[in-house]
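What follows is a single structure, written as C-alpha cells, with notes after it.
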Amino acid sequence: MKKRLSAELIGTFWLVLGGCGSAVLAAGFPDVGIGLLGVSLAFGLTVLTMAYAVGGISGGHFNPAVSLGLALAGRFEMKHLPAYWAAQVAGAVLAALVLYAIVSGKGDFAGVGGFASNGYGAASPGGFSLTAALVTEVVMTAMFLIVILGATAKGVPAGFAPIAIGLGLTLIHLVSIPVTNTSVNPARSTGVALFADGPALAQLWLFWLAPLAGAAIGALIWKALLADD
C-alpha cells in the first residue's frame, strides 16, 4: 500500500504540475504561448506518461473521481478510497506549492491571479453559469469513466489503455476549458484553489460534487449497459 499511495501522490503531482503549470506558465506567453490546445494536450500527456510510469503499481487513478468510479464498477476496493483520496490531494497540493514557488519568482510578480483554478460565473473563462458548469463537469467525468473502463476492459489489446485515456482527457479539456477551466478531478481543483486569487476556494464544492457524481454515473452506465464481466 505504501508503494501504491506513493504512486498516486507522484502521479497526481505530475498531472497538476504539468497540466496547470502549462496553463499558468506557457499558455499566454507572448508570441509563443501554447494556448488552449497546448494546455489540453499537456493534461492528456501527464496522465498518459504517468499511467505508463506508475500505473502498474497503483492502477494510475490520479483523481478521486476516477477512484470512486472504479470502486463502483467493481474494479477497486472501496475500503482504499480514503487513503487514495488523501494521497491524490497531497500530490496536487505539493504540485501547486511548487508552481507557486516558480510563479512568485518572476521579476514583476504581483500575485498568482486565477492560477489555473476552476470556476463558474465570473470565474468561468467564458462566463458560463453554475448550471452550465455543473452539467459540463458531470457529463465530462461520466464519459471519462466510460473511456477508462472500456480501455481497461477484458478483451481490449493490452498496453494501449494509457493512450486512450490520455487522449480522452485531452478531448475533455478541448471542450470544457472555456466553461470551467476543466476539472473532472477534485484533487486538481483543490491544489490550485488553495493558492489562487478570487473565488476558487468558495466555488470548490462544485468541483468535488460534480466530478464525483459524474464518475458514479459513468460507472453505473458502464455496469448496466456495457460491462461483460
Task: For Leu72, net neighbour charge (Lys/Arg +1, Asp/Glu -1) across residues whose Cβ lies under 14 Å away - done: +2
- [ ] Take the chain, connect every pair of alpha-carbon atoms lying under 10 Å apart with a spring to form a Gaussian network, then pick out the residue of Trp85, Trp205, Trp14 with the largest mean-square fluctuation.
- [x] Trp205
Open item on the list: Out of the total accessible area of the range 77-179 (probe 1.4 Å, heavy atoms of protein only), what percent is carbon and sulfur?
Closed with: 74 percent
Open item on the list: Students often get this wrong: which residues of the range 42-70 have the backbone nitrogen under 18 Å from the point 7 angstrom along Cα-to-C-beta of Lys3?
Closed with: 50-62
Open item on the list: Using +1 at the C-beta of Lys and Arg and -1 at the C-beta of Asp and Glu, which of Pro178, Ala71, Val24 has the Cα lying farthest in the positive direction of the dipole of the chain?
Closed with: Ala71
TODO: Would you kindly derive the ³J(HN,Hα) couplings of the range 55-64 from the backbone phi angles with the Karplus curve 6.51 cos²θ - 1.76 cosθ + 1.60 (θ = phi - 60°), listing them in order in whole Hz, with x for Gly and Pro?
DONE: x, x, 8, 10, x, x, 7, 6, 6, x
Task: Computed helical MRE - 222 nm, the chain, DSSP H runs ≥ 4 contributing -39500 (n - 2.57), nearest 500 - done: -21000 deg cm²/dmol
TODO: Name the lysines eligible as straight-distance cross-link partners of Lys2: C-alpha to C-alpha under 28 Å, and not fewer than 8 places from it in the same chain.
DONE: Lys79, Lys154
Open item on the list: From the phi angles alone, apply the Karplus equation (6.51, -1.76, 1.60; θ = phi - 60°) to the range 137-154 and give each ³J(HN,Hα) in whole Hz, x where the residue is Gly or Pro.
Closed with: 5, 5, 5, 5, 5, 4, 5, 4, 5, 5, 4, 4, 5, x, 5, 10, 6, 5
Task: Rotationally averaged projected area of the range 101-210 (alpha carbon convex hull; nm²) - done: 8.0 nm²
Task: Per residue accessible area of the chain, 1.4 Å probe, in Å² - done: 44 Å²
TODO: In a Gaussian network model over the chain where Cα atoms closer than 10 Å are linked, find which of Phe43, Phe62, Phe160 has the largest mean-square fluctuation.
DONE: Phe160
Open item on the list: How large is log10 of I(q)/I(0) for the range 14-98 at q = 0.13, 0.18, 0.20 Å⁻¹ when the intensity is taken from the Debye formula with one equal scatterer per alpha-carbon?
Closed with: -0.48, -0.81, -0.93
Task: Alpha carbon Rg of the range 126-191, scaled by the compact-globule rule 2.2 N^0.38 Å - done: 1.23
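The values are calculated or read from the model by the stated rules, or taken from the named source; none is laboratory data. Keep in mind it's a predicted model, so treat the numbers as computed, not measured. Cβ: placed from backbone, ideal geometry, glycine included. Neighbour counts: every protein chain shown. Quick note on the areas: whole protein, heavy atoms, side chains included, nothing else; ligands and nucleic acids left out. Shrake-Rupley method; radii C 1.70, N 1.55, O 1.52, S 1.80 Å.
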